[in-house]
Structure formats: structure tokens, C-alpha cells
1. What are the semi-axes of the equivalent ellipsoid of the stretch 380-434, taken as the square roots of 5 times the eigenvalues of the Cα gyration tensor, listed largest first and rounded to whole Å?
2. Any idea how far apart residue 300 and residue 350 come out in nm if each label point goes 7 Å out from Cα toward Cβ?
3. Any number yet on Rg/Rh for the stretch 306-438, C-alpha, Kirkwood?
4. At 7 Å along Cα-to-Cβ for each site, give me the label-to-label distance between residue 38 and residue 431 in nm.
5. When every alpha-carbon pair in the stretch 1-92 is counted, what percent end up more than 19 Å apart?
6. Quick one: plug the Kirkwood hydrodynamic radius of the chain (C-alpha pairs) into Stokes-Einstein at 37 °C, 0.692 mPa s, and report D in µm²/s.
7. What residues of the stretch 296-334 lie in the reach of a label at residue 229, counting those whose backbone N is under 14 Å from a point 7 Å from the Cα along Cα→Cβ?
8. Hey, how many Å between the Cα centroid of the stretch 316-351 and the Cα centroid of the stretch 219-292?
């Protein structure tokens, strides 16, 4: 972001002070955001004791915020071993360990990963390792794809070879978008399909959980606080930007709920139903300013990697109101409540990746192996995600397609290029499925 003149900065400061004065509710909203870190979902402890006691639990990406909480929670249920697999070195001996064994391994290194699985023989695997920063994903395309897509596939392969009984994979709410060009979201959606394909082939029993913005390790509030402390201009994407939030504890509990809810009927996608009212980014910014000291705010537009416009047909108001906002209009009709965790929704995926998607996956892997330039990698990931969209639309009910197309049609001429392309595919599939069969 370029610098601004002194006159512009002074004007921004005046406008920010006026906005603070006119928005007293922003302080209560900021407090509500911070209080999310205390939120949790109930679990059936007796059943977790039964399923985890005396077993070996392995967690990838365990040094992260959610991984650390998960290790602590898992230790309560008396597993025989808790194994951490992480690219980061083991924590200092002075930090709490909960009896965890640490292995420093990059999940992109399949042979090393398989060796750890062979040595530890895990019964349950929680896969959290990922490149999770959407903005950084646009800069480090190769690292993001090789970690989030092929690192996840490596974990699936290691589980298969080690005959792991249960695998739970962390995804993101951004994967609810049926098609996207943002590298992080696209890589996570691809990973979901890879896991679903492995389950459909009988290679592993697995589930996926979708996280949204986790308050305890939030990128946005760290940026806001840093800019305030440096007295830099605080940059906000858009005045009307909002997002859902959850706590690290909720996230770890969701992983355990997914473990309890695995089913032979297909891969489950698990998400918290009640995430509360979404958080306004401008309220968050004003709350940080009130906490840290006066800093001017500037509306800058969306950074690469962050959604500029939600597709208007993403949710069907008829059925989406009763399910998690991290499940879209295609997914809501097939969503049910978790039988053992009433605050959690679950969607069942089924079916293997068709040959066309497998070919795109092979091409993308070859591009990664060659270390091709970001443009080539983006093109390969985009081609794969277009195939995944065709799978989604091909499996959608005709009535669902009709409703979602109708919802978006009135905004057709206001759509971004990405959403306009997706809308045309929805229109084609809706017409195709509505056509009489001869």
C-alpha cells in the first residue's frame, strides 16, 4: 500500500474520529468478538474415553493454535501415545508437553511421513498441517498447493499404508464456494475431494471439518494491532465486510465430534451450526483503535486471496437458515444433525473422482514437481477446480439448481468474472436437467 500525503492522512484521521463517535456499538461488537474465544461445544466424554483410551493419536500441524488445544484435549482421554508431526521443531522442554512425542517432518515428504506412521502405528489421525494464510497463498502458490493438496494426499496415503482406523482432516469454510480462483480456498476444496475419493474407494475411513475465522489465532486482528502500534494506516477491505468466527477450543472439539461421527456411508463434512451473528470488520477495526490508540482507517478494497463478492446464489433461504453457514445451498439439502453432538451439522459426501478430475490432478502434480511458475500452477489448480464444480453441479438436484440460479439471475450483470462464469455453468446444468428426456 503506497504512502499518503500529510493532508490525506489528516483527513482520514478526522473521518476515523467521526466514525468512532458515530459508532458506539462497535465497542460492544469488539467485546463480543473477543468473547468468542471462550465458546465451546458439548461432547460426550464417556464415548471419547471409550474410543481414545489406550489408543495412539497422531496430529499433523500440532504446533499451531488449534493443534495445541487438540493435544491438550486429547490427553484428557488417556490415549496410549500422542504423536505430533510438524514442520516446526519440537517446543522447548519448559513448555507443557502432555506426554507428546514430536517428529519434525514436512508432510510434502511422503517417505518420511510413511516412516513416522510405520514407527508409531497410529489408530487415529487428525490432519491440521496446512498453509492457512489466504494472502500468503497468492504469493507462495507452489508451497500452498504442494502442502494443502498433495500434502493432504500424502497423509491419506500414509493412513492407508498404516491401516489407520480413523482420519479427520481440517478444511475451511472458504471451501463451501463451489468454484473460486483464490489459491488457498481452491487448494482446500481440492483436498476435500481427495479425501472423499479415498473414502469412496475404501482406502481409509475419514471425515472433514470446516473451520471459519478462529479468534485465538486471527490474522486480521494481529494486522490491525500491528498497524495501530506502528501508527500506520489501518486498512479495511470494505465497509460492509463481515465474517463468522469460532474459538480454538470449539475447533478442537469439532475435530473430536467428527471423529465420533464417522460413518461407513461416506465421508462426512462437519461444521458448527450456530456461529452467532457475523462480525463486522469495521467494528473490529474500531475496537482495536479504541484499545490501541488513534490510527486512521482507510477502505482499500479486497487483497488477493480474499473474496471480493459472494456468489448471490450460494445459499437457498428455504433450507440454509437451519444449517451451518459453512455449508452452501447445494449441500444444505443433504445435511443432517450430528447424532452425538447437537451443535454440529454433517454432510455426507459420496463418490470417487471421475477420470477427468484425476487427469487434472495428475497434471497439477506434474507442474508442482517441475516447480513451474505461479501462473502455470494457478492454471492447473483452476482447471482442477472447474472439474470439481462440474461434479457438484452434476450431482445437484434439479430443484436446487433452479432455485439458486433464480436467486443469482437478478444480479447477473453485477457479478465478477469468476462468479459470472460459475453462474453460466449453473444455468447450463439447470437447463440440462430440466430438459425432457427422450
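Values quoted throughout were computed directly from the atomic coordinates according to the rules given, and no laboratory measurement underlies them. Only a predicted model underlies this, so the values are computations on that prediction, with no experimental measurement involved. Every residue, glycine as well, gets a Cβ built from its backbone with ideal geometry; the counts of neighbours run over all protein chains shown.
1. Values: eigenvalues 64, 53, 10 Å².
Ellipsoid half-lengths, sorted descending, are 18, 16, 7 Å.
2. Placing both labels 7 Å beyond Cα along the Cβ direction yields 4.8 nm.
3. Values: Rg = 17.0 Å, Rh = 16.8 Å.
Reported Rg/Rh (Cα atoms, Kirkwood Rh): 1.01.
4. 5.6
5. Details: 2748 of 4186 pairs.
Result for the distance tail: 66 percent.
6. Numbers: Rh = 22.9 Å.
It diffuses with D of about 143 µm²/s by this estimate.
7. Within reach of a label on residue 229: no residues.
8. 20
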